[in-house]
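Visitor: Can you read through this structure? Questions will come right after.
The values are calculated or read from the model by the stated rules, or taken from the named source; none is laboratory data. Worth saying up front: this structure is predicted, and the values here are computed from it rather than measured. Positions of Cβ are backbone-derived with ideal geometry, glycine not excepted, and every protein chain shown enters the neighbour counts.
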Amino acid sequence: MEQTLKGKHIVLGISGGIAAYKSAFLLRLFIKAGAEVQVVITPNGKEFITPATLAALSGKPVVSEFFAANTGEWHSHVDLGLWSDLMVIAPATASTIGKMANGIADNMLITTYLSAKSRVMVAPAMDLDMWAHPSTQRNIATLESYGVEIIMPASGELASHLVGKGRMEEPEIILKRVEEHFSRRESMKGKKILVTAGPTYENIDPVRFIGNYSSGKMGFSIAEEAAARGAEVTLVAGPVSLETKNPRITRIDVRSARQMLEAAVDAFKECDAAILSAAVADYAPESCSDTKLKRENTNGLTIKLVKNPDIAATLGERKGNKILVGFALETDHEHDNAMKKMKNKNLDMIVLNSLQNPLAGFNKDTNQVTVIKACGTEKAYSAKSKRDVARDILDEMESIN
Ligand code: C5P
């Protein structure tokens, strides 16, 4: 087997679900691929697979308790967190996911997670109803917002004999995700990337504006993913309630399309590529009233709107050999409209979000996209979390020369 993980330090976290038996196969795959693996298992995990098996396969004693049973020696989760190049929690039960999302550090696995400086991947495994429960889904969304990579469970027969979503993904697939992680990790090092995200607000008066439902989640996921690949990111964000985590992201908050244009044009000078995911208002009021418009002063109200600048097209005019990626959100003639936009704005690639799919679009945690490139290739992806979509988009962008 190829030594794709040679020299990598992996912390394999195992929590108490029946899928823990598959963790032995996963551990074996990591070791065969050349990784050094430290297993951390929860007390319940030990009911499903013995530490002796895992210690034999990894060649290291398994860590489970805060204190070693016979010597009383304290196991340092901080040291483990620093040692780790990657932490993979497989299987992650609903309880472990809930504790991770809420910082309930009552076992060695969670304390190690909280101290981990490295990337963390989680492969959930549970019964279908537990997976579908709103609390599990909320906790998964929280973990994604912390930058944890979720290896979504597969559908099939579960330990309960019920059939549905909740099976831990197969060890071979988890290994592939881990290999992809290491091959991508530094792939954008030295690159400067501009990302626009969120809506713009166009003021009518001091208390009112024209806006749209964009949450900024897609653009923020792209910014985090590019930073995780080593890029220096400038994120020009409209009004959103999202945080950025990676210190490699420089965030510039703006409100209107004109402010976004100014910040984007300025940042683009220094950048190698721009990904324009903002939902920029097409029109703005011709003027903004200094005082609040009064209802009694008017018989109805007409606000004259003027066209906003097209940021993508402006950058398209000055792009040289930089790479420019845009988005298209269409309700009809999706494909033709996306192609037209790519040409008119001088883009290298356009990401088409379909409003036809209930898992795609504004204010959702998932998206379903088709990526079309100026060179003529096209690929339709299935619905995924926005962080996973961000990965696909950057993989596609990185394949453009
Ligand atoms: O023309 P349309 O708004 O559909 O194009 C969408 C693409 O153009 C997106 O990438 C969006 O961020 C960008 N855009 C822009 N400035 C505008 C309008 C759209 O950068 N004023």
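Visitor: Pull up the stretch 323-345, narrow it to residues that are part of a helix (DSSP H, G or I) and among the acidic types (D, E), then point me to the one that is nearest to the ligand (Cβ to nearest atom). Lay out the reasoning, then the answer.
Guide: Filtering the stretch 323-345 down to residues part of a helix (DSSP H, G or I) leaves 334-344.
Still in the running and among the acidic types (D, E): 334, 336.
Details: E334: 11, D336: 13 Å.
Filtering the stretch 323-345 for residues that are part of a helix (DSSP H, G or I) and among the acidic types (D, E), the one nearest to the ligand (Cβ to nearest atom) comes out as E334.
Visitor: With respect to K292, is the statement that it is touching an Asp or Glu at 6+ places or on another chain (Cβ under 6 Å), more than 13 Å from the ligand (Cβ to nearest atom), part of a loop (DSSP other than H, G, I, E, B) and charged (D, E, K, R) true?
Guide: Against the criterion (touching an Asp or Glu at 6+ places or on another chain (Cβ under 6 Å), more than 13 Å from the ligand (Cβ to nearest atom), part of a loop (DSSP other than H, G, I, E, B) and charged (D, E, K, R)), K292 qualifies.
Visitor: Could you give every pair whose Cβ atoms fall below 8 Å, whose first residue belongs to the stretch 307-320 and is more than 14 Å from T200 (Cα to Cα) and of a type in the set (S, T, Y), and whose second residue is more than 8 Å from the ligand (Cβ to nearest atom) and outside any loop (DSSP other than H, G, I, E, B), counting only separations of at least 6 or pairs across chains?
Guide: Listed by first residue and then by second, the contacts come to T314/V265.
Visitor: Taking the stated definitions as given, is I222 modelled with pLDDT of 95 or more and over 16 Å from the mean Cα position of the chain (by Cα)?
Guide: Against the criterion (modelled with pLDDT of 95 or more and over 16 Å from the mean Cα position of the chain (by Cα)), I222 does not qualify.
Visitor: Tell me whether the stretch 369-377 contains one or more residues that are small (G, A, S), surrounded by fewer than 18 Cβ atoms within 10 Å (Cβ to Cβ) and modelled with pLDDT of 85 or more.
Guide: Within the stretch 369-377, the first condition is being small (G, A, S), and the residues that meet it are 374, 376.
From what is left, the residues that are surrounded by fewer than 18 Cβ atoms within 10 Å (Cβ to Cβ) are 374, 376.
Narrowing the set further to residues that are modelled with pLDDT of 85 or more leaves 374, 376.
Yes, some residue in the stretch 369-377 is small (G, A, S), surrounded by fewer than 18 Cβ atoms within 10 Å (Cβ to Cβ) and modelled with pLDDT of 85 or more.
Visitor: May I ask you to verify whether A24 is out of contact with any Gly (no Cβ under 8 Å at 6 or more places or on another chain), of a type outside the set (D, E), without any contact (Cβ under 8 Å) to a residue 12 or more places away in the chain and not in a loop (DSSP other than H, G, I, E, B)?
Guide: When the stated conditions are applied, A24 does not pass them.
Visitor: Turning to a different aspect of this structure: Out of the residues in the stretch 239-268 that are farther than 26 Å from K189 by Cα and in a loop (DSSP other than H, G, I, E, B), state the one that is farthest from the ligand (Cβ to nearest atom).
Guide: S241
Visitor: So which of I104, I97 is among the β-branched types (V, I, T), buried (at least 21 other Cβ atoms within 10 Å of the Cβ) and without any contact (Cβ under 8 Å) to a residue 60 or more places away in the chain?
Guide: Values: I104 fails: buried (at least 21 other Cβ atoms within 10 Å of the Cβ).
Result: I97 is the single residue among I104, I97 that is among the β-branched types (V, I, T), buried (at least 21 other Cβ atoms within 10 Å of the Cβ) and without any contact (Cβ under 8 Å) to a residue 60 or more places away in the chain.
Visitor: Could I ask something else about it? State which residue pairs qualify: first residue under 17 Å from K343 (Cα atoms) and inside the stretch 364-385, second residue assigned to a loop (DSSP other than H, G, I, E, B) in any location, beta carbons under 8 Å apart, and separation of 6 or more residues or different chains.
Guide: Here the result reads T370/Y381; V371/Y381; K373/D348; K373/I400; A374/L347; A374/D348; C375/I400, each pair linking the stretch 364-385 to a residue that is assigned to a loop (DSSP other than H, G, I, E, B).
Visitor: Same structure again: Output the residues belonging to the stretch 224-260 that are buried (at least 17 other Cβ atoms within 10 Å of the Cβ), within 22 Å of N321 (Cβ to Cβ) and not β-branched (V, I, T).
Guide: Across the stretch 224-260, the qualifying residues are A226, R229, A231, E232.
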